[in-house]
Amino acid sequence: MISDMYTKDIVKKYGFKFSKRLGQNFLIDNSVLEDIIDGANVSPDDVVLEIGPGVGTLTRELLKKAKKVYAVELDSTLIPILKEELREFDNLELINEDVLKLDLSELIKGESNVKVVANLPYYVTTPIVLKLLNENLNFESLTVMIQKEVGERMAAEPNCKEYGSLSVLVQYYCNIQIIRKVSSECFIPSPKVDSMVIKLTKLPAPSIKVRDKDLFFKIVRLSFNMRRKTLWNALKPLNIDKVELQKAFQNCNIDPKRRGETLSLDEFGRLSDFIYDLL
Ligand code: SAM
C-alpha cells in the first residue's frame, strides 16, 4: 500500500494548484483508500472506470488490481502529472474529458466486468450517478466517495426527510451498502462537508416490475416536486379524469391524501401501473 504522503508529495513536486470549481479535494488518508479498494473488490479480470483521478492516488492502487483502468479527468493540468507518475503501468487509458459529456457506453463498449470506482467531484455527484444509472451502462457496481448527505438521500426509506426521487431511482436499480463515513480531514484541501464511501451494486433486474418505467419515474418526480402536497394535488399535471384517478387510488389501496414521501417503491409501482391504463 502506498504511503500517507503520496498525494501531498506529488502536489508539492509539481506545484499543483487546487481548483475549488472542479471539486478538487484529494484523498490523503490511507485507511480510507484501503476501504475503497476493499469495498470495490476489484479483481484481475475487472475493468475499472475511474472518474476524476486527480494526481492518481486511487488510480495507482486500481491499476495494480485491475485488468484495465479508464480514468476520466477534466483538468488538463493533471494529465502530464498522471502520465509521468503512472508511467510504469500499461493498463491505463487516460481520457481528458468532462465525464458528463463523454459517451460512456461507447468508451466501455465490448468490456465486461466493469466497475466504477471514484472519489467523485462533489459539485456534480448527482448528475454523474444519474448518468451512470439512466444510460443503462454495463457496469456491475459503483464504489464511490460522495457527500454524506447525498449518500443518506440515496439510502433513505419512506417517511424520512432524506427520502426523495434520488432514493427511489437508486433503489430501483441497485442494492446499497454504506462502506464507511469519512471526515473532512482525510482530504486536502478539507471540504466543508463530511463524506461517505458507498457501494451501489446493480441488481440483475430492477427491484420492482413496472409496466412503463418512464411513467413510473414521472409519477415519482411529480410526487416529490412539491413535498408538502398530497398525491391528489401533486399528480394534477397528469391531467387524468378525476373519477378515474380516484378509482386508480382505490384499486391500489393508496389514500390520495398521503404525500409522496410516505410511499414505498412498491406503492409507487402499483400506482403507476393503474395510472398507465388511464393515459
Ligand atoms: N481521485 C482523486 C483523489 O481521490 O484524490 C481526486 C478526487 S477529486 C474529489 C475529484 C476529481 O474530479 C478532480 O481531479 C477533478 O479535477 C475531477 N473532475 C471534476 N469535474 C470533473 C468532470 N466533470 N469530469 C471528469 N473529472 C472531473
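The values are calculated or read from the model by the stated rules, or taken from the named source; none is laboratory data. Everything numeric in this text was worked out from a predicted model, so none of it was measured. Glycine gets a Cβ as well: all are built from the backbone with ideal geometry, and neighbour counts include every protein chain shown. Please note that ligands, DNA and RNA were not included when accessible areas were found on the heavy atoms of the full protein model with its side chains. Shrake-Rupley method; radii C 1.70, N 1.55, O 1.52, S 1.80 Å.
Tabulated values for the structure
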read-out: Cα centroid of segment 1-71 to Cα centroid of segment 223-253, whole Å; value: 47
read-out: Around Glu34: net Lys/Arg minus Asp/Glu count, Cβ-Cβ under 11 Å; value: -3
read-out: Residue order for Tyr172, Tyr14 - accessible surface, 1.4 angstrom probe, largest first; value: Tyr14, Tyr172
read-out: Efficiency of FRET from Cβ geometry, Asn113 and Ala205, R₀ 25 Å, rounded to 0.05; value: 0.85
read-out: Under-5 Å amide H pairs with Asn138, H placed in peptide plane, nonlocal only; value: none
read-out: Projected label distance in nm at Arg258 and Ile178, using a 7 Å step from Cα toward the beta-carbon; value: 2.5
read-out: Listed peptides 26-36, 145-155 by packing density, highest first (mean Cβ within 10 Å); value: 145-155, 26-36
read-out: Gain in span if fully extended, Val243 to Glu162, counting 0.36 nm per residue against the direct Cα distance; value: 25.9 nm
read-out: Spin-label model distance (nm) - Asp45 vs Asp212, 7 Å beyond Cα toward Cβ; value: 4.0
read-out: Modelled FRET efficiency - R0 35 Å, Asp194 with Asp103, Cβ distances, 0.05 increments; value: 0.55
read-out: Around Leu120: net Lys/Arg minus Asp/Glu count, Cβ-Cβ under 12 Å; value: 0
read-out: For the chain, calculated [θ]222 nm from helices alone, where every DSSP H run of n ≥ 4 adds -39500 (n - 2.57); value: -10500 deg cm²/dmol
read-out: Ordering of 174-184, 47-57 by packing [mean C-beta count within 10 Å, highest first]; value: 47-57, 174-184
read-out: Sequence-distant residues sharing a close amide H with Arg180 (under 5 Å, placed H); value: Val197
